[in-house]
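**Student:** Here it is, the structure, as structure tokens.
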């Protein structure tokens with residue numbers, strides 16, 4: 001995909017980030033490991049992330065970097081062999097990771113909804129769409145059956161499924177991929193969720209339907225004042241649909257900040273190289289990132305990008321860099337960051 005996303009106006013206009021509102025969701029020092037037959041996989045280490053009310057945040061990175069593990073941790077879906085080693089995930093002041101399964105069920109679908117990468121697998125193939133939506137509305141809101149049916153129909157209409165009666169009477173396998181994803185978004189609406197976590201919500205859809213789904217998510221966010229956490233490997237998706245971006249590499253967040261700052265002034269060498277590797281109008285050649293991602297069974301003690309970075313020194317290889325602010329709202333974990341203004345710009 002050619003990166004042509006609009007990321008702001010004139011140079012310098014996005015240097016100062018707006019003040020961060022009180023976080024709706026806050027991930028603190030999250031560490032998750034998977035205990036496999038091969039050994040212990042250090043999937044997440046020291047992950048920190050905050051999402052304000054009504055804010056859209058993109059979590060971007062390569063396949064296998066820990067994005068989906070982070071997303072599943074938010075709704076308390078880390079199952080064995082996964083294990084929480086330390087950290088907290090605060091939602092409306094409650095630590096999700098310390099709640100019982102019963103209390104988690106009170107949050108899932110009611111306050112936090114999850115849009116899966118493959119929506120047809122998330123829907124029950126043995127129950128009609130209308131029954132699933134109505135049941136979700138009835139349980140989440142405590143309303144009678146008739147009112148739940150009316151709400152389900154209204155939400156299907158809100159997500160652009162005009163033939164509501166037909167969709168309500170259909171099974172998931174009778175829907176197209178785009179229709180199934182719209183049903184999943186409607187599922188989030190019937191519960192009245194304050195936070196919608198979308199894990200690669202467009203990866204299984206063709207390009208034209210992708211644009212429709214992303215436009216719908218933006219509309220839903222504005223109309224219902226919901227917050228969004230969009231998990232994606234597509235930087236253009238993040239640029240067009242998010243207020244802030246967190247860049248993840250090998251289980252760590254290496255840079256985060258306002259969209260305009262990340263794209264115009266990337267500061268971590270990985271972010272800079274990632275942007276330079278993308279096809280862009282006016283650029284004849286692409287710059288591949290040399291080397292390979294470290295094995296998380298035996299991660300290096302220092303910066304996990306050090307073996308691929310031409311700026312790395314001994315301290316990078318030996319000591320993990322602290323996360324430090326380089327501009328208001330823009331932070332990076334790097335001993336030798338790219339000078340602001342000298343990296344890839346968009």
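**Student:** Pick from 152, 204, 180: which is under 18 Å from the mean Cα position of the chain (by Cα) and on the phi < 0 side of the Ramachandran plot?
**Tutor:** 204
**Student:** Quick one: which strands (runs of 3 or more DSSP E) sit completely within region 50-135 and have at least 2 residues that are farther than 20 Å from residue 202 by Cβ and either at pLDDT below 95 or within 21 Å of the chain's Cα centre (by Cα) (or both)?
**Tutor:** Working: elements: 56-60, 82-91, 112-115.
It comes to 82-91.
**Student:** To continue, here is another question. Filter region 268-292 down to the residues that are touching a helix residue (DSSP H, G or I) at 6+ places or on another chain (Cβ under 8 Å) and assigned to a loop (DSSP other than H, G, I, E, B) and list them by number.
**Tutor:** Within region 268-292, 278, 286, 287, 289, 290, 291, 292 qualify.
**Student:** Could you list, ordered by first residue, the pairs with Cβ atoms under 6 Å in which the first is in region 274-285 and over 13 Å from residue 233 (Cβ atoms) and the second is surrounded by 14 or more Cβ atoms within 10 Å (Cβ to Cβ) and modelled with pLDDT under 80, at least 6 apart or interchain?
**Tutor:** 275/344; 276/344; 280/3
**Student:** Determine, yes or no, whether residue 337 is more than 23 Å from residue 236 (Cβ to Cβ), in contact (Cβ under 8 Å) with a residue 60 or more places away in the chain and out of contact with any helix residue (DSSP H, G or I) (no Cβ under 6 Å at 6 or more places or on another chain).
**Tutor:** Answer is yes for this residue.
**Student:** Can we say residue 69 is farther than 20 Å from residue 331 by Cα and touching a strand residue (DSSP E or B) at 6+ places or on another chain (Cβ under 6 Å)?
**Tutor:** Taking the combined requirement at face value, the residue satisfies it.
**Student:** Of all residues in region 222-235, count the ones that are assigned to a helix (DSSP H, G or I) and either more than 16 Å from the chain's Cα centre (by Cα) or loosely packed, with under 15 Cβ neighbours inside 10 Å (or both).
**Tutor:** Of all residues in region 222-235, those assigned to a helix (DSSP H, G or I) come to 222-224, 235.
Now restrict to residues that are either more than 16 Å from the chain's Cα centre (by Cα) or loosely packed, with under 15 Cβ neighbours inside 10 Å (or both): 222-224.
So the answer is 3.
**Student:** Please give the number of the condition residue 219 fails out of (1) in contact (Cβ under 8 Å) with a residue 24 or more places away in the chain; (2) part of a helix (DSSP H, G or I); (3) under 21 Å from residue 52 (Cα atoms).
**Tutor:** Of (1) in contact (Cβ under 8 Å) with a residue 24 or more places away in the chain; (2) part of a helix (DSSP H, G or I); (3) under 21 Å from residue 52 (Cα atoms), only one is false for residue 219: (1).
The values are calculated or read from the model by the stated rules, or taken from the named source; none is laboratory data. Just so it is clear, the structure is predicted and the values come from calculations on it, not from any experiment. Because the Cβ atoms are built from the backbone with ideal geometry, glycine has one as well, and the counts that use them run over all protein chains shown.
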